[in-house]
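J.: Structure provided below as structure tokens; questions to follow.
The values are calculated or read from the model by the stated rules, or taken from the named source; none is laboratory data. None of these values were measured; they are calculated from a predicted model. Glycine also receives a Cβ, built like all others from the backbone with ideal geometry; neighbour counts cover every protein chain displayed.
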């Protein structure tokens, strides 16, 4: 008796199903990689903004006489003014007074915001209510007793690539640091 062995292989439908399952897995891994890259980038921007705000708060505490005169007037948008103008008096070359030091601090912060954040913005003001509808906001509603707040943000993007906007039609700050120990 002769036995005939039939070679058994995979049916075409089985191969197609395996290829579809593999393709879905590869697409899912690629999408997850893109989300991870976006989150890492946003995290880096948040870290940079927090470091800028903390450094500026320290500079303001070191020069408290200029808080009302110079620092509180800062509202800089790198999208509208890409290259900040250098202060008239340079504190790097010679001794300077507190007003010139405040101008140098403001210029340095503007330069950092312009170079490290995509279309960044910084605002220093007195604000009693930084939050609106669960988001930080740029507008400042505060009088003499409100805390000094440093707000730094950038134009972010939604996952579909469109520019992210907030309730006010612009983009919300990414970081807001309320300074403690500042005289009203």
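J.: In segment 141-175, what residues are modelled with pLDDT of 80 or more, surrounded by 20 or more Cβ atoms within 10 Å (Cβ to Cβ) and closer than 20 Å to residue 59 by Cβ?
T.: Listed by number, the residues that qualify are 148, 149, 150, 151, 152, 153.
J.: Which of the residues belonging to segment 56-67 are in contact (Cβ under 8 Å) with a residue 40 or more places away in the chain and assigned to a helix (DSSP H, G or I)?
T.: Narrowing segment 56-67 to residues in contact (Cβ under 8 Å) with a residue 40 or more places away in the chain: 56-57, 59-61, 63-64, 67.
Those that are in contact (Cβ under 8 Å) with a residue 40 or more places away in the chain and assigned to a helix (DSSP H, G or I): 56, 57, 59, 60, 61, 64.
J.: Here's something else I'd like to know. Identify all residues within segment 95-110 that are part of a loop (DSSP other than H, G, I, E, B) and surrounded by 14 or more Cβ atoms within 10 Å (Cβ to Cβ); write none if there are none.
T.: Residues of segment 95-110 that are part of a loop (DSSP other than H, G, I, E, B), as a first pass: 95-97.
Matches in segment 95-110: 96 only.
J.: Could you tell me whether residue 127 is surrounded by fewer than 18 Cβ atoms within 10 Å (Cβ to Cβ), touching a strand residue (DSSP E or B) at 6+ places or on another chain (Cβ under 8 Å) and under 19 Å from residue 50 (Cα atoms)? Quick ask: steps written out before the conclusion?
T.: On the way: surrounded by fewer than 18 Cβ atoms within 10 Å (Cβ to Cβ): no; touching a strand residue (DSSP E or B) at 6+ places or on another chain (Cβ under 8 Å): yes; under 19 Å from residue 50 (Cα atoms): yes.
So residue 127 does not fit the description; no.
J.: Over 22 Å from residue 171 (Cα atoms) and at pLDDT below 90: does that describe residue 86? Give the derivation first.
T.: Values: over 22 Å from residue 171 (Cα atoms): yes; at pLDDT below 90: yes.
Considered against the rule, which asks whether it is over 22 Å from residue 171 (Cα atoms) and at pLDDT below 90, residue 86 comes out as yes.
J.: Mind listing whichever residues of segment 71-94 are in a loop (DSSP other than H, G, I, E, B) and either within 13 Å of residue 148 (Cα to Cα) or within 21 Å of the chain's Cα centre (by Cα) (or both)? Talk me through it step by step, then tell me what you get.
T.: Kept after step one, since they are in a loop (DSSP other than H, G, I, E, B), are these residues of segment 71-94: 74, 78-94.
Of everything in segment 71-94, those that are in a loop (DSSP other than H, G, I, E, B) and either within 13 Å of residue 148 (Cα to Cα) or within 21 Å of the chain's Cα centre (by Cα) (or both) turn out to be 74, 78, 79, 80, 81, 82, 83, 84.
J.: Of the residues 39, 35, only one is within 17 Å of residue 175 (Cα to Cα) and exposed (fewer than 13 other Cβ atoms within 10 Å of the Cβ); which? Write out each step before concluding.
T.: Values: 35 fails: within 17 Å of residue 175 (Cα to Cα).
The match here is 39.
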